[in-house]
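A short write-up of the structure that comes next.
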Amino acid sequence: METELFVINDIEKDHDKLERAAGLIKNGSLVAFPTETVYGLGANALDGQAVRRIFDVKGRPMDNPLILHIPDMLWLKRYCLDIPPEAYKLAERFWPGPLTMVLKRKSTVPDEVTAGLHTVAVRCPNHKVALRLIRLVGAPVAAPSANISGRPSPTKAGHVLYDLSGKIAGVVDGGSCMVGVESTIVDLSAKPYKILRPGGVTPEQLSEVLGPVGLDSGVLQAPKDSETVKAPGMKYRHYAPKAQVILLMGDIEKAAGFVNRLDRETTGVLCFDEEIPHFKGKYILSYGKRDDYAAQAQKLFHCLRALDEKRVKTIYARCPESSGVGLAVSNRLLKASGYQIVEV
Ligand code: TXA
Ligand code: MG
């Protein structure tokens, strides 16, 4: 299959291209598109057969449900039941934006989307191209991140093409994603409400609307085999480049001392801007200042992919504090490493 590329520079001038991309989705094909978080791989969510193709193409386990993308909160009641008032309060404050809500589902949502669960995840992305595309499709768009399952999520159209070229009908190129890590997922289907996945909307921000809100235990530690994982996607190794990621904790002098003794051809480093001068290797990338979590989130997946292109075997990564958006960055790094940590 040839993958058609729709480059959108100006949403009005390029409207025809978006109409074409929407037409492909309406006909049951898969088209990747930009959101403010990461690129999504879109299918018409009301077409079970189209949704099944997402799982095939990504190599995604069938028990891992998808997020419904809708253009505004008025669509919530078409697909969700028993919507608590807090859902509307959150939508008013954070939509369009990087927040996904898990709510009880209506039977209008095909089983393929929810992997048979009684709940459905819904979000309204903060991206003009995504919103226009969904409206043109005229139905909710089911979209996981547009990568091969397990790989770092795509934050540019080039990343999507690298993973999925020839396997999907189209890619809408709307430039680089601003947030860079996936949306925050909050479960509102049962009390107490809980954060299943940290993302662009922070726990601090959520608690301004919900009061204190807990974090699912899988966010910062490996789920135990016996535990039922609330967001099924979080139990798999995830976000991982081909190289082995290892988190490098401890003081920068010692950390650099440790890495500088290793083979420079096969070792990559992901560090903070101010740490660059300490490392002597060949493949050293920085992803923002130590306390600039937004910059780190935006660059994280791109840097992991860029280090992979250098064919390093191991990537030693410096991890931010777990506050604000730093929580999402640490969570993705932990999952990418399969919880491998070196403490110097
Ligand atoms: O930012 C994002 O959320 C991106 C963009 C494309 O919108 N999408 C995304 O989708 O990250 P995906 O499929 O890569 O991750 C969705 C996560 C998975 O961990 C899945 O298990 C969880 O959401 N999820 C989906 N439906 C759920 C449900 N009903 N209950 C609990 N978790 C759910
Ligand atoms: Mg994903």
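Taking the helices alone, the chain has a mean residue ellipticity at 222 nm of -9000 deg cm²/dmol, built from -39,500 (n - 2.57) per DSSP H run of at least 4 residues and averaged over all its residues. What the Cβ-Cβ distance of K280 and L220 gives, at R0 = 22 Å and to the nearest 0.05, is a FRET efficiency of 0.10.
In terms of distances greater than 26 angstrom between alpha carbons, the cross-link table entries K242/K280; K106/K156; K156/K313 yield K106/K156.
Pairs of alpha carbons in the stretch 27-97 separated by more than 18 Å make up 49% of all such pairs.
Placing +1 on the Cβ of every Lys and Arg and -1 on the Cβ of every Asp and Glu, with no other charges, gives the chain a dipole of roughly 560 debye about its Cα centre.
The order of the peptides 287-295, 168-176, 35-43, 191-199 by mean Cβ neighbours within 10 Å, most packed first, is 35-43, 168-176, 191-199, 287-295. Scanning the chain for long hydrophobic helices, with DSSP H runs required to stretch 15 angstrom or more by C-alpha along their axis and to average at least 0.0 on the Kyte-Doolittle scale, returns 326-337.
Only the coordinates and a few stated rules stand behind these numbers; no lab work does. As the structure is a prediction and not an experimental result, all values here were calculated from the model. Using ideal geometry, Cβ is built from the backbone for each residue, glycine included, and neighbour counts are taken over all protein chains shown.
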